[in-house]
Amino acid sequence: MGLKIMEITCEIFQVIDRMMALPEELQQSFENKLTSYEEERQMPLLSRMEERGLLKGIEQGTRQGLEQGLERGLERGTKKTLQATIIRILQARFEIVPTELINGINSLEDISKLERLVMTSVTMNSIADFGQVLSQLRQATDTNEA
């Protein structure tokens with residue numbers, strides 16, 4: 001029932017809006033005077049429906065922004081954790097990890113490739129073998145981006 005009332009209310013506002021349509025020159029004059037009025041009082045002249053719509057839009061935008069920010073933050077944290085884990089495993093197994101390998105690991109952004117590298121860092125017999133796998137993954141990434 002509430003939805004029906006809301007639909008009827010919206011239709012009434014649309015009819016009123018159409019009935020109040022002004023010729024272009026008068027519409028422009030009205031908008032200029034309304035803007036001046038709002039600026040003088042430092043408050044916009046909004047109907048309750050407009051206020052509700054505005055608040056709903058702000059709430060929805062805020063919620064979406066928070067969700068996207070959280071998602072990006074989690075993704076970034078996962079990448080950093082995987083990168084650090086790979087480097088620590090290599091340091092534990094081979095002691096010295098060349099700077100170019102560290103830079104290569106840290107330049108990878110694809111989480112699935114970083115997860116594969118975690119397993120590779122545990123199973124490779126040498127740091128050179130790991131470097132070859134890393135190069136192949138980076139080349140595949142560069143090819144996909146091009």
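The values are calculated or read from the model by the stated rules, or taken from the named source; none is laboratory data. Here the structure is a predicted model, which is why all the values come from computation and not from measurement. Positions of Cβ are generated from backbone atoms using ideal geometry, with glycine treated the same way; all protein chains shown enter the neighbour counts.
Scan region 15-31 residue by residue and report those that are within 37 Å of the chain's Cα centre (by Cα) and modelled with pLDDT of 70 or more. Selection gives GLU31 alone. Looking at GLU109 and the list (1) among the charged types (D, E, K, R); (2) over 30 Å from GLU11 (Cα atoms); (3) assigned to a helix (DSSP H, G or I); (4) at pLDDT below 95, which single condition is not satisfied? Failing condition for GLU109: (3). Only one of the listed residues (GLU75, GLU59) is surrounded by 11 or more Cβ atoms within 10 Å (Cβ to Cβ), among the acidic types (Asp, Glu) and part of a helix (DSSP H, G or I). That residue is GLU75. Within region 92-106, not a single residue is more than 16 Å from GLY131 (Cβ to Cβ) and under 24 Å from the mean Cα position of the chain (by Cα). Considering only region 125-143, I want to know if a residue exists there that is outside any helix (DSSP H, G or I) and either of a type in the set (A, V, I, L, M, F, W, C) or under 22 Å from GLY77 (Cβ atoms) (or both). Looking for residues that are outside any helix (DSSP H, G or I) and either of a type in the set (A, V, I, L, M, F, W, C) or under 22 Å from GLY77 (Cβ atoms) (or both), one finds none in region 125-143, hence no. Of ILE89, ILE105, ILE96, all but one fail to be surrounded by 15 or more Cβ atoms within 10 Å (Cβ to Cβ), more than 22 Å from ARG72 (Cα to Cα) and among the β-branched types (Val, Ile, Thr); the exception is ILE89.
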